[in-house]
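One structure is given below, encoded as structure tokens.
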């Protein structure tokens, strides 16, 4: 398998491209340096390249139909991590999430476009702020990007293809009570205590695993308390508390339906605690999304995994939320998420990618691009 890769790709150049990306610190909101590097490097490779008004880098190679969108993100979570290579692995912030997948897609697009009989246009979109606001992919949609097929570059594991993600509600809840001197806590409701009590009620209603035997992590509503603040200091009973919840929405619900469930829980809590004032507001929502596993794109990529790795692909439905949700729910096109790396290493101090997985992923992307183009052109665009 390694000899087969050598015939079609300069592996050292591919690894060098990835390490150069990983050497540029690019937390969300600070992607300018990596965007400039990508634009210059991709132009040198032969892409037509532009940087849009919010900093997304769009590279185009090839022409005609189909139009295949490969979308990855340049940003990482904040926090420096020294780059090092040990025992066939590259350790660095973003190695898995998600510069490894992004570099794989750039190299695969380049290699596919070199095939003498390849027909089609490949758009490689390197977007900003995926880790924060999904500003980059939202901008692509508002600008009317068009494609026949799309693949998002996120760590699925080189042998896996992600076809589904849960949705998300970012919820802020403010709890207010009367206040008094902290030496008489029995006389007043403590806003911090009441907020946590409310959280325990919400958590109990959303906890996985549940008593339902058929429920899975992908089909369960879950909630996580990610932030809580309150209190003004010594001698004062806290009269206001604020908490942020991350609620994940399974595919069988909409975010509106789950939000309504949260509001019912809060309303019932207030009936029991009439002296406690609770206000909830939504900071952001993303609808759940699941691709049809019978799509030709899924079959083509599964075949590419089998060809390169000599093993069947596993289709995943994940409990997280990705940019695939946003694009998949906004555009009617075949779409999956794929990329090398173990997502359990995302954002950790042990984040690393196997070089062999990275190189194999390039070939899997390439095979998928070539075969979906052939299928599209031979079957008059059947999707």
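Expressed as an acute angle from 0 to 90° and rounded to the nearest 10, what is the orientation of the C-alpha long axis of helix 255-272 relative to the principal long axis of the chain?
10 degrees
Note down the Stokes-Einstein diffusion coefficient of segment 75-166 in µm²/s, whole number, using a Kirkwood radius over alpha carbon pairs, 20 °C, and 1.002 mPa s. The partial results should precede the final answer.
Working: Rh = 15.4 Å.
Rounded to a whole number, D works out at 139 µm²/s.
What ranking, highest mean first, results for peptides 330-340, 278-288 when packing means the other Cβ atoms within 10 Å averaged over each residue? Working shown, then result.
Values: 330-340: 22.5, 278-288: 15.6.
Packing order, densest peptide first, comes out as 330-340, 278-288.
Can you pull the percent of Cα pairs in the chain with separation above 26 Å?
Numbers: 40816 of 73153 pairs.
Counting every Cα pair in the chain, those more than 26 Å apart make up 56 percent.
When every alpha-carbon pair in segment 167-286 is counted, what percent end up more than 22 Å apart? Working shown, then result.
Details: 2672 of 7140 pairs.
Within segment 167-286, distances greater than 22 Å cover 37 percent of Cα pairs.
Using only Cα atoms, figure out Rg for segment 13-149 and give it as a multiple of 2.2 N^0.38 Å.
Values: Rg = 14.7 Å, N = 137, 2.2 N^0.38 = 14.3 Å.
Normalised Rg, Cα atoms only: 1.03.
How much length is gained on full extension from residue 205 to residue 182, taking 0.36 nm per residue of separation minus their Cα-Cα distance? Intermediate results must be reported in sequence, preceding the final value.
Working: separation 23, 0.36 × 23 = 8.28 nm, distance 3.18 nm.
Extending this stretch completely gives an extra 5.1 nm.
Please state the Cα pair-distance histogram of segment 300-383 with 10 angstrom bins from zero: what percent is in each bin?
The calculated distribution, bin by bin, is 14, 38, 37, 9, 1.
Gap in Å between the Cα centre of segment 235-261 and the Cα centre of segment 304-364?
If we compute the Cα centre of each part, the gap is 30 Å.
Counting pairs of alpha carbon atoms under 8 Å apart in space and at least six apart in sequence, what relative contact order in percent does the chain give?
Working: 836 pairs, mean separation 91.8, N = 383.
Relative contact order comes out at 24 percent.
Coordinate-derived values only; no laboratory data. These numbers come from a predicted model, not from an experiment. All Cβ positions, even for glycine, are placed from backbone atoms using ideal geometry, and neighbour counts span all protein chains on display.
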